[in-house]
Amino acid sequence: EDQVTQSPEALRLQEGESSSLNCSYTVSGLRGLFWYRQDPGKGPEFLFTLYSAGEEKEKERLKATLTKKESFLHITAPKPEDSATYLCAVQAYYGQNFVFGPGTRLSVLP
Amino acid sequence: GAVVSQHPSWVICKSGTSVKIECRSLDFQATTMFWYRQFPKQSLMLMATSNEGSKATYEQGVEKDKFLINHASLTLSTLTVTSAHPEDSSFYICSPRGEGTETQYFGPGTRLLVL
């Protein structure tokens, strides 16, 4: 059974304090790993797609990396507006449903 | 990214009534529509998948007679919660996917509160 776990469950950072979020997965195959940001009361907002081990993607203060077992979302010098829940999802093969992790709730304090 | 709308954004109804939620993909054709439910502080739970013009496929534990899904066009899908009860109160999110695309985009969600 495909499974996705995320850690930590919640993370509180001071503004400017860099950190990383982890997404570990066990799937029959890996078509793609996806990162989303979700603000309270809103739908998930797409951030990145990673397809193969060693791949990296960057967007502003966020950088996503991928290995064969896990993905990291690195947040460099976060700002309060980066506070949100970050979800990762995997797709084992093309056309299959996404399997979502439980998310990491990030709070960045000014 | 893709533009997806949902209507209404929130709804309060009495127990026993039916509620219809609309999901529109505004700038692409959605050959597949996913409907999710999300409870507070929990992740997204897939309810059903539908392809345009076909019957929806429901996940285990989701009552197909209670959650009616219609995907009659490539830009519109509806989810009807029939005879809603308080335990159906949740955040419902649609996610359309176009043919040949790999990224899933999500609607803004509909918050349902059943009294």
Roll a 1.4 angstrom probe over the protein heavy atoms and tell me the percent of accessible area of the protein assembly as shown that is carbon or sulfur. 50 percent
Within the protein assembly as shown, cysteines having no neighbouring cysteine beta carbon under 4.7 Å are B:C13
Listed peptides A:63-73, A:49-59 by packing density, highest first (mean Cβ within 10 Å): A:63-73, A:49-59
Partner shielding of A:36-49, as the mean number of partner chain Cβ atoms within 10 Å, equals 5
Could you pull out every residue, at least 5 positions away or on a different chain, whose amide H is within less than 5 Å of the one on B:M47? Hs are placed 1.01 Å off N in the peptide plane, and Pro or chain starts have none. B:W35, B:Y36, B:R37
With every protein chain kept in place and a 1.4 Å probe, the protein assembly as shown has an accessible area per residue in Å² of 49 Å²
For chain A, what is the relative contact order in percent, using Cα pairs closer than 8 Å and at least 6 residues apart in sequence? 37 percent
Which net charge results for the neighbourhood of A:T5, defined as the other residues with beta-carbon distances under 14 angstrom from its beta-carbon, given Lys and Arg at +1 and Asp and Glu at -1? -3
Please compute the alpha carbon radius of gyration of chain A, then divide it by the globular-protein estimate 2.2 N^0.38 Å. Two decimals is fine. 1.02
With the 8 Å Cα cutoff and a minimum separation of six or more residues, chain B has a relative contact order in percent of 37 percent
Treating each Cα of chain B as an identical point scatterer and ignoring solvent, apply the Debye formula and state log10 I(q)/I(0) at q = 0.10 Å⁻¹. -0.26
Give me, ordered by chain and number, the residues 5 or more places off A:E15 or on other chains with an amide H under 5 Å from its own placed amide H. A:L109
Shielding score for B:36-43, defined as the mean number of other chain Cβ atoms within 10 Å: 4
Kindly count the pairs of lysines across chain A whose alpha carbons are less than 20 Å apart, treating pairs on different chains or eight or more residues apart as eligible. 6
What total accessible surface area, summed over both chains, is buried at the interface between chains A and B, computed with a 1.4 Å probe and given in Å² to the nearest 100? 1600 Å²
Semi-axes of the equivalent ellipsoid for the protein assembly as shown, Cα gyration tensor, largest first, Å: 30, 21, 15
With a 10 Å radius around each residue's Cβ, average the other Cβ atoms per peptide and rank B:104-112, B:58-66, B:2-10, highest first. B:104-112, B:2-10, B:58-66
What order, most packed first, do the peptides B:18-24, A:40-46, B:97-103 have when packing is the mean number of other Cβ atoms within 10 Å of each residue? B:18-24, A:40-46, B:97-103
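The values are calculated or read from the model by the stated rules, or taken from the named source; none is laboratory data. Quick caveat: nothing in here was measured; it's all calculated off a predicted structure. Using ideal geometry, Cβ is built from the backbone for each residue, glycine included, and neighbour counts are taken over all protein chains shown. Surface accessibility is based on the protein's heavy atoms, side chains included, excluding ligands, DNA and RNA. Shrake-Rupley method; radii C 1.70, N 1.55, O 1.52, S 1.80 Å.
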